[in-house]
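Trainee: Structure in C-alpha coordinates, see below.
The values are calculated or read from the model by the stated rules, or taken from the named source; none is laboratory data. No experiment lies behind these values; they were computed from the predicted model shown. With ideal geometry, Cβ positions are generated from the backbone for all residues, glycine too; neighbour counts draw on all protein chains shown.
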Amino acid sequence: MDSTAETARKFCALEAAIDEGMADVEAGHVVSWDLNEFLKQAREQSIEMTSSLDGEIRDGRHHMQIRVYYEDTDFSGIVYHANYLRFMERGRTNHLRLMGAEQHALFAQAQEETPGFAFVVRSMAIDYLRPARMDDLLDIVTWPVVVKGASITLAQEVRRGEEVLVKAQVRVAFISNGRAQPIPKSLRVLMKADVI
(Lines give C-alpha, C1' and ligand atoms only; values in the text may rest on other atoms or scores of the structure.)
Protein backbone atom coordinates (compact mmCIF):
# COMPACT_ATOMS: atom_id res chain seq x y z
CA MET A 1 0.00 0.00 0.00
CA ASP A 2 1.28 3.47 -0.90
CA SER A 3 2.25 5.91 1.76
CA THR A 4 0.35 9.15 1.99
CA ALA A 5 3.32 11.02 0.50
CA GLU A 6 3.57 8.56 -2.43
CA THR A 7 -0.17 8.80 -3.13
CA ALA A 8 0.01 12.61 -3.06
CA ARG A 9 2.99 12.58 -5.46
CA LYS A 10 1.16 10.28 -7.92
CA PHE A 11 -1.96 12.42 -7.68
CA CYS A 12 0.02 15.61 -8.40
CA ALA A 13 1.74 13.99 -11.40
CA LEU A 14 -1.61 12.76 -12.74
CA GLU A 15 -3.24 16.13 -12.21
CA ALA A 16 -0.41 17.87 -14.09
CA ALA A 17 -0.65 15.38 -16.98
CA ILE A 18 -4.41 15.87 -17.21
CA ASP A 19 -4.03 19.66 -17.11
CA GLU A 20 -1.58 19.44 -20.02
CA GLY A 21 -3.97 17.22 -21.98
CA MET A 22 -1.47 14.40 -21.94
CA ALA A 23 -3.28 11.83 -19.81
CA ASP A 24 -6.57 10.62 -18.47
CA VAL A 25 -7.61 8.36 -15.61
CA GLU A 26 -8.69 4.81 -16.32
CA ALA A 27 -9.08 2.31 -13.47
CA GLY A 28 -6.68 4.35 -11.36
CA HIS A 29 -3.90 4.36 -13.95
CA VAL A 30 -2.53 7.10 -16.15
CA VAL A 31 -3.19 6.38 -19.82
CA SER A 32 -2.20 8.37 -22.89
CA TRP A 33 -4.83 10.68 -24.27
CA ASP A 34 -5.56 11.48 -27.93
CA LEU A 35 -7.32 14.86 -28.11
CA ASN A 36 -8.65 14.31 -31.65
CA GLU A 37 -10.13 10.93 -30.72
CA PHE A 38 -11.63 12.42 -27.57
CA LEU A 39 -13.28 15.25 -29.56
CA LYS A 40 -14.62 12.78 -32.15
CA GLN A 41 -16.16 10.63 -29.41
CA ALA A 42 -17.59 13.70 -27.65
CA ARG A 43 -19.27 14.86 -30.89
CA GLU A 44 -20.74 11.39 -31.50
CA GLN A 45 -22.05 11.19 -27.94
CA SER A 46 -23.47 14.70 -28.20
CA ILE A 47 -25.32 13.81 -31.40
CA GLU A 48 -26.69 10.64 -29.79
CA MET A 49 -27.72 12.52 -26.64
CA THR A 50 -29.47 15.37 -28.48
CA SER A 51 -31.06 13.42 -31.34
CA SER A 52 -34.06 12.59 -29.17
CA LEU A 53 -34.52 16.33 -28.58
CA ASP A 54 -34.87 16.84 -32.33
CA GLY A 55 -37.75 14.36 -32.59
CA GLU A 56 -38.18 11.76 -35.30
CA ILE A 57 -39.59 11.36 -38.80
CA ARG A 58 -42.39 8.78 -39.11
CA ASP A 59 -44.29 8.24 -42.35
CA GLY A 60 -42.87 11.41 -43.88
CA ARG A 61 -43.93 13.57 -40.92
CA HIS A 62 -41.66 15.06 -38.31
CA HIS A 63 -42.78 14.52 -34.70
CA MET A 64 -41.20 16.47 -31.85
CA GLN A 65 -42.37 16.34 -28.27
CA ILE A 66 -42.29 19.27 -25.89
CA ARG A 67 -43.46 19.74 -22.33
CA VAL A 68 -45.55 22.80 -21.43
CA TYR A 69 -43.90 24.79 -18.65
CA TYR A 70 -45.26 27.51 -16.40
CA GLU A 71 -43.47 30.14 -18.54
CA ASP A 72 -45.50 28.99 -21.58
CA THR A 73 -48.85 29.74 -19.95
CA ASP A 74 -50.89 32.83 -19.27
CA PHE A 75 -52.51 33.77 -15.94
CA SER A 76 -55.27 31.17 -16.42
CA GLY A 77 -52.80 28.27 -16.81
CA ILE A 78 -53.31 27.67 -20.54
CA VAL A 79 -50.64 28.07 -23.22
CA TYR A 80 -50.40 31.67 -24.40
CA HIS A 81 -51.38 31.77 -28.09
CA ALA A 82 -48.07 33.21 -29.35
CA ASN A 83 -46.10 30.36 -27.78
CA TYR A 84 -47.57 27.92 -30.30
CA LEU A 85 -45.63 29.87 -32.95
CA ARG A 86 -42.39 29.19 -31.06
CA PHE A 87 -43.23 25.50 -30.71
CA MET A 88 -43.93 25.24 -34.44
CA GLU A 89 -40.74 27.13 -35.36
CA ARG A 90 -38.76 24.54 -33.39
CA GLY A 91 -40.64 21.80 -35.22
CA ARG A 92 -39.75 23.26 -38.64
CA THR A 93 -36.10 23.69 -37.67
CA ASN A 94 -35.74 20.16 -36.32
CA HIS A 95 -37.60 18.74 -39.32
CA LEU A 96 -34.86 20.12 -41.58
CA ARG A 97 -32.15 18.90 -39.22
CA LEU A 98 -33.46 15.33 -39.15
CA MET A 99 -33.76 15.22 -42.92
CA GLY A 100 -30.00 15.64 -42.97
CA ALA A 101 -30.12 19.32 -43.71
CA GLU A 102 -27.57 20.59 -41.27
CA GLN A 103 -28.40 24.27 -41.28
CA HIS A 104 -24.81 25.50 -41.28
CA ALA A 105 -23.98 23.39 -44.35
CA LEU A 106 -27.18 24.38 -46.13
CA PHE A 107 -26.64 28.03 -45.36
CA ALA A 108 -23.03 27.86 -46.56
CA GLN A 109 -24.11 26.26 -49.84
CA ALA A 110 -27.03 28.64 -50.29
CA GLN A 111 -24.74 31.59 -49.54
CA GLU A 112 -22.50 30.49 -52.41
CA GLU A 113 -25.46 30.13 -54.80
CA THR A 114 -27.42 33.17 -53.59
CA PRO A 115 -25.43 35.67 -51.48
CA GLY A 116 -27.39 37.53 -48.81
CA PHE A 117 -30.25 35.00 -48.69
CA ALA A 118 -32.80 34.42 -45.92
CA PHE A 119 -35.81 32.23 -45.21
CA VAL A 120 -38.82 34.27 -44.13
CA VAL A 121 -42.30 33.29 -43.10
CA ARG A 122 -44.41 34.71 -45.92
CA SER A 123 -47.80 33.71 -44.56
CA MET A 124 -49.40 31.60 -41.89
CA ALA A 125 -52.96 30.43 -41.35
CA ILE A 126 -53.57 29.08 -37.86
CA ASP A 127 -56.58 27.58 -36.11
CA TYR A 128 -56.63 27.30 -32.32
CA LEU A 129 -58.99 24.40 -31.62
CA ARG A 130 -58.35 23.49 -27.96
CA PRO A 131 -56.04 24.81 -25.22
CA ALA A 132 -52.93 23.10 -23.89
CA ARG A 133 -52.19 23.39 -20.19
CA MET A 134 -49.16 23.41 -17.95
CA ASP A 135 -47.39 20.01 -17.78
CA ASP A 136 -49.08 18.72 -20.97
CA LEU A 137 -46.83 16.70 -23.25
CA LEU A 138 -47.37 18.00 -26.80
CA ASP A 139 -46.43 16.51 -30.14
CA ILE A 140 -45.47 19.08 -32.79
CA VAL A 141 -46.06 17.45 -36.20
CA THR A 142 -44.61 19.01 -39.38
CA TRP A 143 -44.73 17.95 -43.03
CA PRO A 144 -44.24 19.61 -46.42
CA VAL A 145 -47.35 20.14 -48.53
CA VAL A 146 -46.13 22.13 -51.54
CA VAL A 147 -42.60 22.83 -52.71
CA LYS A 148 -42.37 25.56 -55.35
CA GLY A 149 -39.45 27.39 -56.89
CA ALA A 150 -39.12 30.08 -54.22
CA SER A 151 -41.37 28.87 -51.40
CA ILE A 152 -42.27 25.86 -49.31
CA THR A 153 -45.66 25.34 -47.68
CA LEU A 154 -45.65 23.22 -44.55
CA ALA A 155 -48.58 21.85 -42.58
CA GLN A 156 -48.21 21.70 -38.81
CA GLU A 157 -50.28 20.38 -35.95
CA VAL A 158 -49.87 20.61 -32.20
CA ARG A 159 -51.33 17.50 -30.61
CA ARG A 160 -51.93 16.20 -27.12
CA GLY A 161 -52.04 12.45 -27.67
CA GLU A 162 -54.38 11.95 -30.63
CA GLU A 163 -56.23 15.24 -29.97
CA VAL A 164 -55.35 18.08 -32.37
CA LEU A 165 -55.09 21.37 -30.47
CA VAL A 166 -53.71 23.70 -33.16
CA LYS A 167 -53.50 23.45 -36.98
CA ALA A 168 -51.39 25.70 -39.18
CA GLN A 169 -50.25 26.14 -42.78
CA VAL A 170 -46.97 28.03 -43.07
CA ARG A 171 -45.52 29.37 -46.31
CA VAL A 172 -41.79 30.03 -46.09
CA ALA A 173 -40.14 32.08 -48.85
CA PHE A 174 -36.51 32.14 -49.91
CA ILE A 175 -35.25 35.68 -50.50
CA SER A 176 -32.02 37.42 -51.40
CA ASN A 177 -31.51 41.18 -51.37
CA GLY A 178 -35.18 41.67 -50.52
CA ARG A 179 -36.50 39.68 -53.50
CA ALA A 180 -37.80 36.14 -53.90
CA GLN A 181 -35.18 33.78 -55.32
CA PRO A 182 -35.29 30.12 -56.37
CA ILE A 183 -34.63 27.76 -53.48
CA PRO A 184 -31.25 26.02 -53.91
CA LYS A 185 -31.67 22.68 -55.67
CA SER A 186 -30.27 20.61 -52.78
CA LEU A 187 -32.95 21.91 -50.42
CA ARG A 188 -35.78 21.59 -52.98
CA VAL A 189 -34.85 17.96 -53.63
CA LEU A 190 -34.64 17.26 -49.90
CA MET A 191 -38.09 18.76 -49.23
CA LYS A 192 -39.83 17.17 -52.20
CA ALA A 193 -38.71 13.75 -51.04
CA ASP A 194 -41.07 14.09 -48.08
CA VAL A 195 -44.12 15.63 -49.78
CA ILE A 196 -47.01 13.34 -48.92
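Trainee: Select from region 56-70 the residues that are outside any loop (DSSP other than H, G, I, E, B) and loosely packed, with under 10 Cβ neighbours inside 10 Å and list them in ascending order.
Mentor: Quick first cut of region 56-70, residues outside any loop (DSSP other than H, G, I, E, B) only: 56-58, 61-67, 70.
Residues satisfying the conditions are Arg58, Tyr70.
Trainee: May I pose another question? Which of the following residues is under 14 Å from Leu85 (Cα atoms) and under 21 Å from the mean Cα position of the chain (by Cα): Leu154, Leu137? Give the steps one after another, and end with the answer.
Mentor: Values: Leu137 fails: under 14 Å from Leu85 (Cα atoms).
Going through Leu154, Leu137 in turn, the sole match is Leu154.
Trainee: Between a first residue in region 74-90 that is basic (Lys, Arg) and a second residue that is outside any helix (DSSP H, G or I) and crowded, with 18+ Cβ neighbours inside 10 Å, which pairs have beta carbons less than 7 Å apart while being 6 or more apart in sequence or on different chains?
Mentor: Arg90/Met64; Arg90/Ile140
Trainee: Please state which of the following conditions Phe119 fails to meet, knowing it meets all the rest: (1) modelled with pLDDT of 95 or more; (2) buried (at least 16 other Cβ atoms within 10 Å of the Cβ).
Mentor: (1)
Trainee: Can you run down the residue pairs with Cβ atoms below 6 Å, 6 or more apart or on separate chains, where the first is in region 135-154 and touching a residue at least 24 places away in the same chain (Cβ under 8 Å) and outside any strand (DSSP E or B) and the partner is of a type in the set (Lys, Arg) and surrounded by fewer than 21 Cβ atoms within 10 Å (Cβ to Cβ)?
Mentor: Note: pairs meeting the criteria are Asp136/Arg160.
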